[in-house]
Amino acid sequence: MSETQEEGITAALERRALRAALLSVAVGLTTGAGEIFFALRFNLFTLPPQYEAVAMLTGLVLLFGVTGLVAWVTRPPPEAFSERVVLRRIDRTQKSLSRTFLFFPLLVGLAGFVSSCAIFRGQNYGWRPLDVADGLFVLPVGGAYLLLLTGWASGKLGRLVYDEELFRSFRTRGYIISFWSLMAGLLLVLTLGLVRPTWAVEALPLLIAAGVCVPAVTIALLNRRAERDG
Amino acid sequence: MADRRLEVRLKTLRTQAGLTQAELALMVGVTRKTINTVENGVFIPSTVLALGLARALGVTVEALFSLAPD
């Protein structure tokens, strides 16, 4: 493959990524607006909580289904998966990964908060099925981000992005800081547990969220600093 | 990551070879940022990367990196 061909593929991939991002935003907005419309139309807030769970599940299935469809429609051509093209785009891919990592605290923190509130409700007012589901909410969200953070779900060429030397050193530093943050957090949870055990259980989802967020934010910040050094 | 004892001559040798950071990065299989941070002494590369850089520039590792005298 010639240099010009590689540049052409890279430019086409960037256009494709922009189209995918715009489509995803449109899908997200439509799904959100649809959920709000149906919730208001059928007075969902006055119905028993089972209906809320069904509505949430339907919305999620719809969101993932349509997002998957968008990803399929805007999937890159086979030439995009050659080692040279991946290497050409590695800088940009890592930058967009770092940007995603900066959103970690927002999303995982929100999931942690939802779980913590559900545990509080369950412990104080009795456990409903929805509280159990909400209480575990942080686990799939944190797990999904853990896959993204470690690159375990990525293929052979994806490993090029994750195993690039500087990025790997950032990840190692992120994990070290995360380890110490988790240790400090566990100490705090243990102290809370000694005062009132229920507080410790309520604090655990937040600690799990922090455990995933700290390395992600560290990587993103180190990556930004490395860009500034230039 | 940085070490004051390390002297890096990557930038000089790369410019002599007429390569940009991006071109060298593509030859070695790393990001331009990695080359940049190695040149600035912010990041110390592994032995494998040091050997890769030396091979790409057609020099020895000692020509690229050396320890500052005590």
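Laboratory data are not the source of any read-out in this text; all were calculated from the coordinates shown. Keep in mind the model is a prediction, meaning the values are calculated, not measured. No Cβ is skipped: glycine too gets one built from the backbone with ideal geometry, and neighbour counts run over all protein chains shown.
Of A:ASP134, B:ASP3, B:ASP70, the sequence from fewest to most neighbouring Cβ atoms within 10 angstrom is B:ASP70, B:ASP3, A:ASP134.
For the stretch A:108-188, chymotrypsin sites (Phe, Trp or Tyr not before Pro) meeting the loop criterion (DSSP other than H, G, I, E, B) and having at most 15 other Cβ atoms within 10 Å: A:TRP127, A:TRP152.
Length gained on full extension, A:ARG159 to A:ARG15: 49.5 nm, using 0.36 nm per residue less the C-alpha separation.
Taken residue by residue and averaged, Cβ atoms of other chains lying within 10 Å of the Cβ of B:13-24 number 0.
Basic side chains Lys and Arg get +1 at the Cβ, acidic Asp and Glu get -1 at the Cβ, and with that the dipole of the stretch A:74-230 about its Cα centre reaches some 340 debye. Applying 1/(1 + (r/R0)^6) with r as the Cβ-Cβ distance of A:SER24 and A:SER82 and R0 = 22 angstrom yields a FRET efficiency of 0.30.
Net length available on complete extension from A:ARG228 to A:THR58 is 56.8 nm, with 0.36 nm assigned per residue and the Cα-Cα distance removed. Listed by Cβ neighbour count within 10 Å, with the fewest neighbours leading, B:THR34, A:THR10 appear as A:THR10, B:THR34.
Which one, A:PHE64, A:GLY8, A:CYS213, projects farthest toward the positive side of the charge dipole computed for the protein assembly as shown from Cβ point charges (K/R +1, D/E -1)? It is A:GLY8, whose Cα lies furthest towards the positive end. As a calculated quantity, the FRET efficiency between A:TRP72 and B:LEU6 at R0 = 41 Å, using C-beta atoms, amounts to about 0.25. Compared with the dominant Cα axis of chain A, that is its longest principal axis, helix A:165-195 is turned about 10°.
Considering every residue in A:108-117, what mean count of other chain Cβ atoms within 10 Å of its Cβ is obtained? Counting other chains' Cβ atoms within 10 Å and averaging over A:108-117 gives 0. Of the residues A:TYR145, A:SER116, A:TRP199, the one whose Cα sits farthest towards the positive end of the charge dipole of the stretch A:89-230 is A:TYR145 (charges of +1 on Lys and Arg Cβ, -1 on Asp and Glu Cβ, taken about the Cα centre). Set the Förster distance to 22 Å, then compute FRET efficiency between B:ARG55 and A:SER2 from the Cβ-Cβ distance, nearest 0.05. Result of the calculation: an efficiency of 0.40.
Over the whole of A:216-228, what's the average partner chain Cβ count within 10 Å per residue? Rounded to a whole number, please. Please report the intermediate quantities before stating the final value.
On the way: counts 0, 0, 0, 0, 0, 0, 1, 2, 0, 2, 9, 4, 0.
That works out to 1 on average.
With all pairs of different alpha carbon atoms counted, what Kirkwood hydrodynamic radius in Å does the protein assembly as shown show? Result for the protein assembly as shown, one decimal place: 22.6 Å.
Charges only on Cβ, +1 for Lys and Arg, -1 for Asp and Glu: so what's the dipole of the stretch A:1-92 about the Cα centre, in debye to the nearest 20? Don't skip to the answer; put the middle values down first.
Details: 9 positive and 9 negative charges, 33 e Å.
Dipole size: approximately 160 debye.
When each of A:MET56, A:MET183 is scored by the number of other beta-carbon atoms lying within 10 Å, the sequence from fewest to most is A:MET183, A:MET56.
For B:LEU6, the residues whose modelled amide H falls within less than 5 Å of its own, excluding neighbours fewer than 5 places apart on the same chain, are B:ALA68.
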